[in-house]
Every structure is written in C-alpha cells, then in structure tokens.
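The values are calculated or read from the model by the stated rules, or taken from the named source; none is laboratory data. Since the model is a prediction, treat every value here as computed from it, not as a measurement. In this analysis, Cβ positions are derived from the backbone assuming ideal geometry, glycine residues included, and neighbour counts consider all displayed protein chains.
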Amino acid sequence: MSINHYKEAATRATQWHANYREEMMKCRFDTIAVHGIYSMQEALDFNQGSTIEPIYMSASQAYRDSDEMEAALGYEIPTWCYSRIANPTMYYMEGVMAMLEGYGSGIETSCIATSSGMAAIQSAIDQFLVVDTKRPSAPMNFVATTQVYGGTYQQFSMRKDAERAVEWRKVVNSNDLSEWESLIDENTRFLYGELPSNPGLAFFDLKEVSDLAHKYGIPMIVDATVASPALMRPIEYGADIVIQSVTKSMSSGGSSIAGAIISRKNITSTIDNPAMKADFATYLKLLPNRDNGPNISPMNAFMALNDIRTLRMRMDVMSRNTQKVAEYLETNKHIEKVAYLGLKSHPLHELASKYMVLVDSEYDELYGKKVNRYGHLMSFNVKGGAQSARNVFDAFSRIWRATDLGRIKSVATIPAISTHSQQGEEGRKMANIPQNLIRLCVGAEHPDDIIKDLDQALAILDGKKVFVTSPEYSAGGASSATLRKGKSGNN
C-alpha cells in the first residue's frame, strides 16, 4: 500500500469523526457527558460491540507496513503510535472534556489530558515562558493571583520565580482590575487566575480580566477545577486556556489522578508560534508533551471517564448540600467566619452569581429556569485560634480528614498545615489563609448527617466529650493488624 492510500483513508475517517462530534454537540450537556465521542458504529466495527469505551493498555501501536508507519510518525495521519503521546482511551477522555468546556459557546475547543492537575499547569504555562527570538535577553514575567492552590503557589514561586528567574507578579486583590493592569508590561507572557480559588473562594470578573489580557495581546489561563464545566465554562467568557485537575470535581470517586488542558482555537499570544496559537492543546500533545512526557495513563483516563458521565448531577447535589451546611455554620456560635459564594453575606456573591450557573437547568424538569449553584468548596474560621480549629478538626467522625477535594464523600483539611503549608506565613497572609481556617468540601451524603457531625465536633469547644479517632488505630498497617488480631483471637 502507498502513503497516499493511508492519507486518503485517514481523511475519510477524520471527516466521519468530525461529523459525529458536530452531531454530538447538538445534544444536551448530560448526553455529551454520558456518551462523549464514543459512537455505536465504532463499538461495533472495532470494539466487539462494547457499550463503554475500552481500556487500551497497550503502550504502542503496530503498523501494516512501512508506508503506514512513515505517514503516522510524520503526523500525516492520525496515530496512537506510543501512549506517551496518544492512546485511544486518552482520546475518549480528551474528546468529552473538550466538548463539555466548549458547550453552549459555539467555540471550537481541543483538549490534552495529563497525569495530574499540576502537570496540566506546568504544560500550559511553559509554552509561553520561552525565549523571545526578537528580544532574546528580555526578562519574562507572568501575572497571577495569590489565591491559588498550594501546589500552584509552589510551582509559581519556587519552580518558576526562584529557580528560573521568571518573575511572578502577584495580584493580591483579584477583583481589582486596576491591580491586574498595573502589573502588565511588554514582557508579560500571560495572565493566570483560579476561580473559585482553593481554599479562600476568591473570585474575579472573568470577562473583564480576559478582555484585559487580550488588550495586551496575551492569553488568559484559568484554573476552573472547583467549578467544573457543569457550573462555569471560562472559554465562553474569553479565556484562552482552561486547566482542570480532573482528580477533583470532574471525577469525584477518588480512584485516579488526572489533569487536562482545554483550549479554544486561535488563542491570543505574543509568542511567534503560529501552530501553537492555532490549536494549543493539539500542538502541546504532538510536540512539547511528546518530548516531556507528562501524559495520563489509559487506566486513569478510563476511571475519570466513568465519573464524568454524572458530572452535572453530582455538582448539583453537592452544591445544594454545601449551601445547607454553610447556612448552618453561619449561625453557629463557635464560628468566626464562613466563606461560601452561595451565601448572600459573601462579598463576592453577586459577582459569582453572574458566572456560576448549573448548566442546562433551564431545560431541567426540576427547575425550568437558570439556577445558580456554587460548588462543593467552602471554608470556615473557628473561634479561639489554631488550637481550637485543630480540636474541632480532630473530632470529625463522618467528615474525612484528608487533603483531597471534590469527593463524593465529605472531606476537610486545615490548609495552613497541609495544602498551603510550604508557601510560608507571608504567602498565606497574602492568600488570606489563617491558622484557624478549615476547608470543607461537602459530598453527596445527606447534608443533615454532615451537619450532625459538625455539630458534635464543635461541641468540643463547650467542653463536651465527643467521638475522636483513637490513636491506637491510626498507624496504618499496624492498626489493621491490631484490629485483625483483636477479632481473630491472637492469630
């Protein structure tokens, strides 16, 4: 067979898949989440009729002959070639992520999946932190909010600013547009924001900041992990690139680590790289990430896919549960402050309400109109300082003590001693993360049971005895052995 034969076949296949995707984009959000880009025809023709996307655990692809191999490795035809670059299971995940982020906007999007949310952040921003061939000695900087996840803070402050001398210009009040603009100059490569932010729930006017970025010819990058596309799709409001730590809201089962970068076609950038600007995510997949290797494993992609199918329903339930829990905490005498964007008392409530809407709620029989939903993330400050917060935290019996978020089970942490501990006291002060702040992500349990657990934990501040996990059973494998020994009579 000739190379032209394979090219012609690839053209036909690519067109068929493009047509199928176009038809899928006419469906509602839930239908896209459930089916993605996996078709019945593909199942019957290639996958033994499997009704769900198969897991392709093979590390590489074989070719019929040298012509097909040459065309594939030259990127002249679609190829899986090697799972560091691409894999069918990864492809299914990337397809549904791209469609969900672009849903309702009419904007063409593409996606690349990564091994984690942090890998997604690094992959996205490094493409703009390259030498300017026209001004090779010019210093580089980027403008980003201080209210970001602790790992992001470390990547920006240590891996970029301290180690590579790429200046991070910090926006302290992200809702002040003039502060953003005051930090931009001719050497600024991109603007970056996280909203809602973890754990402080900072928020800013996304459309205004995106317009500002484009005014200076640079891209707007948004980490929208907490909201997920079920509640907010930044590309619709002008963002060029969206980061998702798929581990969190997108796949709440807690069984896999994954990240994703979703971009609009023809992003804004001062970098002289036409291919990158034309289709950022695909360029990243075929070239930089091919060489750097941060891509996701097929098994993790498959597990994320299964959770994504119920995204809108989960985010609705978890948001409603969190609203009820936040309202309870706001009235508790032991609470100094509650931060949840769904509370009318929150200073950014009105602004968040412009952007955070349950997708397709106007077509839902339960609602019949657009309804606001504010996600599963909230935080509260305990009266009495750091030790009081620890005492309450240690008394949880239903809420899990862990550094995760977005789980189907409710999870809490103290950011100052966990997720944001490495950024130091000064960094936490800028991000408004005091020692007595507890971050709570409410899951899909009945909210009354979570409130009951909070109530009994807060009662410790009244001197009441509450359930506290016994230290005898807190040593991992040793505790399991102790439990087994106790049950089986010294065996």
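If I ask for residues that are basic (K, R), surrounded by fewer than 20 Cβ atoms within 10 Å (Cβ to Cβ) and part of a helix (DSSP H, G or I), which ones from segment 160-170 would you list? R164, the sole residue that qualifies. Here I112 clears all of (1) in contact with a Leu (Cβ under 6 Å, 6 or more places away or on another chain); (2) surrounded by fewer than 16 Cβ atoms within 10 Å (Cβ to Cβ) except the condition numbered (2). Annotation note: of L351, L405, L366, the sole residue that is outside the structural domain of A230 (by TED's automatic domain parsing), assigned to a loop (DSSP other than H, G, I, E, B) and crowded, with 17+ Cβ neighbours inside 10 Å is L405. Just one residue in the set D205, D176 is over 23 Å from V359 (Cα atoms), over 17 Å from the mean Cα position of the chain (by Cα) and among the charged types (D, E, K, R); that residue is D176. The residues listed here are A43, A13, A18; of these, the one that is surrounded by 12 or more Cβ atoms within 10 Å (Cβ to Cβ), farther than 17 Å from G104 by Cβ, assigned by TED's automatic domain parsing to the domain that holds S110 and out of contact with any Gly (no Cβ under 7 Å at 6 or more places or on another chain) is A13.
In segment 409-467, of all residues being of a type in the set (S, T, Y) and touching a strand residue (DSSP E or B) at 6+ places or on another chain (Cβ under 7 Å), the one that is surrounded by the fewest Cβ atoms within 10 Å (Cβ to Cβ) corresponds to T419. Restricting attention to segment 112-127, the residues that are under 28 Å from N141 (Cβ atoms) and not in a helix (DSSP H, G or I) add up to 5. Hey, could you check segment 307-348 for residues that are part of a helix (DSSP H, G or I), in contact with a helix residue (DSSP H, G or I) (Cβ under 9 Å, 6 or more places away or on another chain) and of a type in the set (V, I, T) and say which is nearest to G375 (Cα to Cα)? Only one residue fits best here, namely T322.
Each row is one residue, and each column tells you yes or no for (1) touching an Asp or Glu at 6+ places or on another chain (Cβ under 7 Å); (2) modelled with pLDDT of 95 or more.
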{"position": "V242", "(1), (2)": "yes, yes"}
{"position": "G253", "(1), (2)": "yes, no"}
{"position": "S256", "(1), (2)": "no, no"}
{"position": "G259", "(1), (2)": "no, yes"}
{"position": "T268", "(1), (2)": "yes, yes"}
{"position": "M276", "(1), (2)": "no, yes"}
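Taken over segment 128-159, the criterion of being closer than 22 Å to N273 by Cβ and in a strand (DSSP E or B) is satisfied by N141, F142, V143, A144.
Against the definition (assigned by TED's automatic domain parsing to the domain that holds M97, out of contact with any Gly (no Cβ under 7 Å at 6 or more places or on another chain) and crowded, with 24+ Cβ neighbours inside 10 Å), how does G193 come out, yes or no? Spelling it out, G193 is indeed assigned by TED's automatic domain parsing to the domain that holds M97, out of contact with any Gly (no Cβ under 7 Å at 6 or more places or on another chain) and crowded, with 24+ Cβ neighbours inside 10 Å. Among the residues of segment 14-30, those that are without any contact (Cβ under 8 Å) to a residue 40 or more places away in the chain and either assigned to a helix (DSSP H, G or I) or within 26 Å of Y75 (Cα to Cα) (or both) comprise Q15, W16, H17, A18, N19, Y20, E22, E23. What do you reckon, is S157 surrounded by fewer than 24 Cβ atoms within 10 Å (Cβ to Cβ) and without any contact (Cβ under 8 Å) to a residue 40 or more places away in the chain? No; evaluated as a whole, the condition is false for this residue. Residues in segment 341-380 that are under 20 Å from S105 (Cβ atoms) and among the hydroxyl-bearing types (S, T, Y): S353, Y355, S361, Y363. Where helices (runs of 4 or more DSSP H) sit wholly within segment 251-305, those with at least 1 residues that are among the small types (G, A, S) occupy 274-278, 280-286. When E179 is tested against the conditions (1) farther than 30 Å from K337 by Cα; (2) without any contact (Cβ under 8 Å) to a residue 24 or more places away in the chain; (3) not aromatic (F, W, Y), the lone failure is (1).
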